[in-house]
1. Being in contact with a strand residue (DSSP E or B) (Cβ under 9 Å, 6 or more places away or on another chain) and on the phi > 0 side of the Ramachandran plot is the filter here; which residues of segment 89-146 pass it?
2. With a cut-off of at least 1 residues that are over 21 Å from residue 146 (Cα atoms), name the strands (runs of 3 or more DSSP E) lying wholly within segment 45-128.
3. When the residues of segment 149-168 are filtered to those that are part of a strand (DSSP E or B) and in contact with a helix residue (DSSP H, G or I) (Cβ under 7 Å, 6 or more places away or on another chain), which remaining residue is farthest from residue 95 (Cα to Cα)?
């Protein structure tokens, strides 16, 4: 039994010595290599404008044409443009703010990490069966200030009238001319 007692004591001493060495190793950090953490990338400086695609179940051709017009627009003071993949309504549903007001538009812009929003809303006329009229509203919104910069809307008798006059509506809403002129669907220059 004397041998087992001695072996047990040696094990205890070895465990104690390893614990002491581990504690001393942690206490002496001067020999430890320094961990360098990479800097977080800084967000780009400047004004970011998000262009939201337009959706309309009743007037898909008009919605597509207005979306194309908005994606071609250049606004003074904007440093970066990006087109979102989803329409205004989808973003609003995802952030649970579906009202057409400044508070919700501000939340939409923040969720997209944008300083400005360029969007349009296409709605049907009176809802009567034979009524083919529609209204198009174009909005340039300042997310940082929580307010519209400019907007314009127009009531059209039908989709053909809207297709023919949508470019003028966009230009009027923005107060600027677009750089390139596109041809409306179904029309040839």
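Laboratory data are not the source of any read-out in this text; all were calculated from the coordinates shown. This one's a predicted model, so the numbers in the text were calculated from it and none came from an experiment. Here the Cβ positions follow ideal geometry from the backbone for every residue, glycine too, while neighbour counts run over all protein chains shown.
1. 113 - this is the single residue of segment 89-146 that is in contact with a strand residue (DSSP E or B) (Cβ under 9 Å, 6 or more places away or on another chain) and on the phi > 0 side of the Ramachandran plot.
2. Numbers: elements: 48-51, 80-83, 116-124.
Passing ranges, in order: 116-124.
3. Of segment 149-168, the ones part of a strand (DSSP E or B) are 149-156.
Narrowing the set further to residues that are in contact with a helix residue (DSSP H, G or I) (Cβ under 7 Å, 6 or more places away or on another chain) leaves 150-152, 154, 156.
Working: 150: 24, 151: 24, 152: 26, 154: 29, 156: 31 Å.
Only one residue tops the list, namely 156.
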